[in-house]
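Enquirer: Structure incoming, see below.
The values are calculated or read from the model by the stated rules, or taken from the named source; none is laboratory data. A quick note: this is a predicted structure, and the numbers were derived from the prediction, not measured. When we count neighbours, we look across all protein chains shown, and the Cβ atoms used for this are built from the backbone with ideal geometry, even at glycine. Keep in mind that these areas ignore ligands, DNA and RNA; they rest on the heavy atoms of the full protein, side chains included. Shrake-Rupley method; radii C 1.70, N 1.55, O 1.52, S 1.80 Å.
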Amino acid sequence: MTVELHVATALLADLDPARNPLPGREVARRPSPVDPRVTIVDLETPDAPEGAALVDPIFERAGFHDIRITEIRWYDRDGYFIAPSVPLAA
């Protein structure tokens, strides 16, 4: 299943898959049609719940350049929360 992650374009450099794995494999990037400061990252993820269209990983800074995902929330196409938060191991 493919889901979207909306990212501030200025923060794209922080999304280094080698150091900060996202919930899935990145398959595409495209500019937001609504906000030029946002890039939409398409992720192919087998862990997404049924009906998920948007993913909202909660990031925490773990140093100057490193970030880590502490929680993941899933939403449907209309933006409704569809799955409980998934806290990740510290």
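Enquirer: Just name one of T2, F59, F81: the one whose Cα is farthest towards the positive end of the charge dipole of the chain (beta-carbon charges, Lys/Arg +1, Asp/Glu -1).
Expert: F59
Enquirer: A further question follows. With every protein chain kept in the model, how would you rank F59, F81, F64 by accessible area, 1.4 Å probe, largest at the top?
Expert: Descending accessible area places them as F64, F81, F59.
Enquirer: Still on this structure: Please give the length that would be gained between T2 and T70 if that part of the chain were fully extended, namely 0.36 nm times their separation in residues minus their C-alpha to C-alpha distance (nm, one decimal).
Expert: That works out to 22.4 nm of additional length.
Enquirer: From Cα pairs below 8 angstrom and at least 6 apart in sequence, can you work out the relative contact order of region 1-78, rounded to a whole percent?
Expert: Normalised by residue count, the contact order of region 1-78 is 33 percent.
Enquirer: With all protein chains present, how much of the accessible area of the chain (probe radius 1.4 Å) comes from carbon and sulfur, to the nearest whole percent?
Expert: Ligands and nucleic acids excluded, carbon and sulfur give 57 percent.
Enquirer: What ratio of Cα Rg to 2.2 N^0.38 Å holds for the chain?
Expert: 1.05
Enquirer: Sticking with this one: Can you pull the one-decimal nm distance between simple spin-label points at R30 and F81, each 7 Å off the Cα toward Cβ?
Expert: Rounded to a tenth, the inter-label distance reads 2.9 nm.
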